[in-house]
Amino acid sequence: MRHRVAGWWPHDEAIIFLLRDVTTRVRLEAEQHVRIRYLEAIARINHYLLDVHHLADVPPVLQQIGEALGVDRVYAFEHIDSDGVPHKAKLFGQYAREAVPALPVDELIYSAEGLDRWITMLAGGIPVCGVTASFPPEERVA
């Protein structure tokens with residue numbers, strides 16, 4: 001925190017100003033609010049997951065994830081192997097904010113959709129996730 005002292009002496013009176021730069025404190029408080037929001041969302045998601053017994057119970061979990069992360073869409077897929085090789089993904093559940101269109105497909109066949117990179121990642125146990133803009137153009141879904 002930086003401090004500055006300035007003075008002004010009109011006539012016979014003295015006025016002293018103490019100025020503090022609180023930029024760092026404000027930034028740290030904002031980061032703390034984000035962490036608290038994430039922790040609260042994790043607690044709610046954990047509660048939902050403990051009670052999930054049917055596929056119909058998944059959308060509230062995805063909604064909590066989407067709201068906590070501040071994203072437009074969240075998709076969960078059931079990964080299906082064919083002879084030990086990732087083959088396709090069946091849509092398990094999704095969440096999309098009101099103004100955002102949902103994913104237009106129920107199933108992704110990796111090779112047919114140009115998602116060959118996903119086959120390698122999933123076979124290696126690496127999840128496919130991220131911001132749409134960070135994906136190669138052929139993997140982006142409108």
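The values are calculated or read from the model by the stated rules, or taken from the named source; none is laboratory data. Because the structure is predicted, anything quoted here is derived from the model rather than measured. Positions of Cβ are generated from backbone atoms using ideal geometry, with glycine treated the same way; all protein chains shown enter the neighbour counts.
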Quiz item: How many of the residues in region 66-93 are more than 18 Å from Ile119 (Cβ to Cβ) and crowded, with 18+ Cβ neighbours inside 10 Å?
Solution: 4
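For every residue, the table says whether it meets (1) under 25 Å from Arg140 (Cβ atoms); (2) among the aromatic types (Phe, Trp, Tyr); (3) part of a loop (DSSP other than H, G, I, E, B); (4) modelled with pLDDT under 80.
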residue	(1), (2), (3), (4)
Tyr48	no, yes, no, yes
Ala56	no, no, no, yes
Val61	yes, no, no, no
Glu67	yes, no, no, no
Phe77	yes, yes, no, yes
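Could you list all residues from region 106-142 that are of a type outside the set (Val, Ile, Thr), closer than 14 Å to Tyr75 by Cβ and in a helix (DSSP H, G or I)? Spell out how you get there, then give the answer.
First, pick out the residues of region 106-142 that are of a type outside the set (Val, Ile, Thr): 106-108, 110-118, 121-125, 127, 129-130, 133-140, 142.
If we keep only those that are closer than 14 Å to Tyr75 by Cβ too, we end up with 106-108, 113, 115, 118, 127, 129-130, 135, 139-140, 142.
Answer for region 106-142, where residues must be of a type outside the set (Val, Ile, Thr), closer than 14 Å to Tyr75 by Cβ and in a helix (DSSP H, G or I): Trp118, Glu139.
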